[in-house]
Amino acid sequence: MEKGLKLGPGAFRDKTALRRSLKAFDWAYFGPEFCENLLEPGLLEGLRVLSGERKNVCLLTPMVTDKGLAALEGLFSAVRKLRFKGRFEVSVNDFGVLDLIRRKRWDVRVNFGRQLARNFMLVGRDSVNILNQSGLALLEELKVGRLETALFSRPPGPRLSGPAGALRFTAFYPYLDVTVTRTCLAGMPEVSPYDSPEGVRCARECLNAAYRVGSDRIKEDMIVGGNTIFVDSGGPVTAAMGKSLGVDRLVFCPDT
Amino acid sequence: MRLLSCITDKRELPVFRKLGVDEVYFAVNDIPNYASAGAIGTAAGAREIVRAAHALRLKVFLAANGRETKPEGFEKEALVRKIKLVASAGVDALIVSSPGLFFTLREEKLGVPLHLSSVQPCFNTGTAKFFVENFGVSRIILPNQLAAREADGILKYCKSAGVETEIFFYKFFGCPYINGACYLHRPRYYTAVGAQPEGGMCRMGSCGSLARVSPELVFRREAAAIARTAARLSVRLSRGGAPRLLNAAAFFDYCLAGVDCVKYGTRTDDTPTKAANLKRIRTAMDVFGKLAGRFSPAEARRRFVEAAEG
């Protein structure tokens, strides 16, 4: 079982601390998984640092508008010039980003991220459902062999419903994303009916903290990290459970 | 610009036609569709609806946009048989969201136009190209979480590729989260306290007492900013949800940019509510028609918002 660490805000402030935190992991996961407003120039610098480490690297990318697509086009061009010591993969959450990678004839391994993967599988509290065989055939056509997800790890543990074939899964923990919005709950100011918005205004409030939310309508607490709402889904699935599902990589996401 | 409405009863067809509706869509119980609300009978009965709609010179589409149907409900052969039945009845297009179903329909070569559902959100030109070039999509229904100005590239691409575009009317579309990716709709991943209406958790917030919000992971020591954000989150999660990008001004801009269709899609509304809302949409479209071109875009937009919000 491979192990990954999703690097959060501020991971690159101290290179020694970064190395120490990555020591127990094979993979560094890095990049804005859910929000295009976090596609910033610092990303390339972070990837440059990671390219020098003896680690495999996966770049996480979000759903994007044309603004984000243009930012990714620039980022991808620069990343292609980097030489990574380990393996390098890109995780996409938008068909437009996959289209960009293919149009640019970038021969990089592409995974479907937690948002896009839900078109092909659905996670329950105790099961993982492969939605339909046609979806799997399309994944093969698109040369995508890995889906990312979060799983509930508490007993009785997930079962796989439907064949997954050669498909491999990456399981993120300890939070499962329940919903995501472009108009960030934490940050975006209200919009007057007279203002036709240019897009999502953002003051990077999510870089300060993630929040625990208790409600009288939901038994469990929820966690709000930027534009995404999570629930606590427990620790990593066990190796045996992972093997039965096709999970061969676990990614620890301490900062959501 | 055309007006498209959902129907949940065949008797709505003549009523809506009189209100200026140009196109309608419906769902059936045995073909997966998003939200599974207001379906009319089964695929076998689709011919009757299609015939009735065409007799009124209405185009008619089928919502086949279930995105997360489990394998037991998605037996490929059975589903294809039902879709072929609807296609042979003369339906003018299928509204689809599942990539697996797009793949299947491409293989089957049914010859029925396909519309990309907003449940498979298209936020950029690349996504538009992906679905148009891979699956021959003839219309893209834009998600409500996309500002008109952000959609500029998609609208231009669609015009050049001969692909139609469609938006929801800004007043009658609820979920503030990304539609299709919102699992607050059903308590699959959390335990609801008491019964919740469909979409109750995400459309309006919890509507109970204010949510308790506290910082869980602090990345920067910005106590004042964190407290402000926590207070904002508490209100938004409990009342009203996230802000909206598709407002009156953005709707005006979409119309000005030449979007082809405006949709009313609240299948849970009863017929009188649907009729009243369709009247409001038709009025808004008429107001747009009178203002656009007569005033500068900024002035026309201001007048439109004044009329629409008034």
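The values are calculated or read from the model by the stated rules, or taken from the named source; none is laboratory data. Remember, predicted model here, so these are calculated numbers, not experimental data. Every residue, glycine as well, gets a Cβ built from its backbone with ideal geometry; the counts of neighbours run over all protein chains shown.
The residues of the stretch A:198-256 that are facing another protein chain (nearest Cβ under 7 Å), in a helix (DSSP H, G or I) and touching a Pro at 6+ places or on another chain (Cβ under 8 Å) amount to a single one, A:Leu207.
Taking B:Thr127 as the residue in question, decide whether it is without any contact (Cβ under 8 Å) to a residue 40 or more places away in the chain, within 18 Å of A:Asp99 (Cβ to Cβ) and assigned by TED's automatic domain parsing to the domain that holds B:Gly66. Walk me through how you get there before you give the answer.
Details: without any contact (Cβ under 8 Å) to a residue 40 or more places away in the chain: yes; within 18 Å of A:Asp99 (Cβ to Cβ): yes; assigned by TED's automatic domain parsing to the domain that holds B:Gly66: yes.
So B:Thr127 fits the description; yes.
Selection of the stretch A:157-183 for residues being part of a loop (DSSP other than H, G, I, E, B), more than 7 Å from every other protein chain (Cβ to nearest Cβ) and at pLDDT 90 or above yields A:Leu167, A:Pro174. Just one residue in the set A:Val200, A:Val213 is free of Cβ contacts under 8 Å to residues at least 40 places away in the same chain and not acidic (Asp, Glu); that residue is A:Val213. Selection of first residues in the stretch B:285-310 that are more than 13 Å from chain A (Cβ to nearest Cβ) and over 18 Å from B:Leu246 (Cβ atoms) and of second residues that are hydrophobic (A, V, I, L, M, F, W, C) and surrounded by fewer than 17 Cβ atoms within 10 Å (Cβ to Cβ), restricted to Cβ pairs under 9 Å at least 6 apart or on distinct chains, gives the following pairs, ordered by first then second residue: B:Gly289/B:Met1; B:Leu291/B:Ala307. Within the stretch B:66-79, at least one residue is among the β-branched types (Val, Ile, Thr), facing another protein chain (nearest Cβ under 10 Å), closer than 18 Å to B:Ser36 by Cα and out of contact with any strand residue (DSSP E or B) (no Cβ under 7 Å at 6 or more places or on another chain).
Restricting attention to the stretch B:230-277, the residues that are within 30 Å of B:Tyr157 (Cβ to Cβ) and either over 18 Å from the mean Cα position of the chain (by Cα) or not β-branched (Val, Ile, Thr) (or both) total 23.
For a quick check of your reading: which strands (runs of 3 or more DSSP E) sit entirely within the stretch A:21-96 and have at least 1 residues that are surrounded by fewer than 21 Cβ atoms within 10 Å (Cβ to Cβ) and away from chain B (no Cβ under 14 Å)?
Result: A:56-60, A:88-92.
Annotation: of all residues in the stretch B:131-150 being more than 18 Å from B:Asp92 (Cβ to Cβ) and charged (D, E, K, R), the one that is surrounded by the fewest Cβ atoms within 10 Å (Cβ to Cβ) is B:Glu133.
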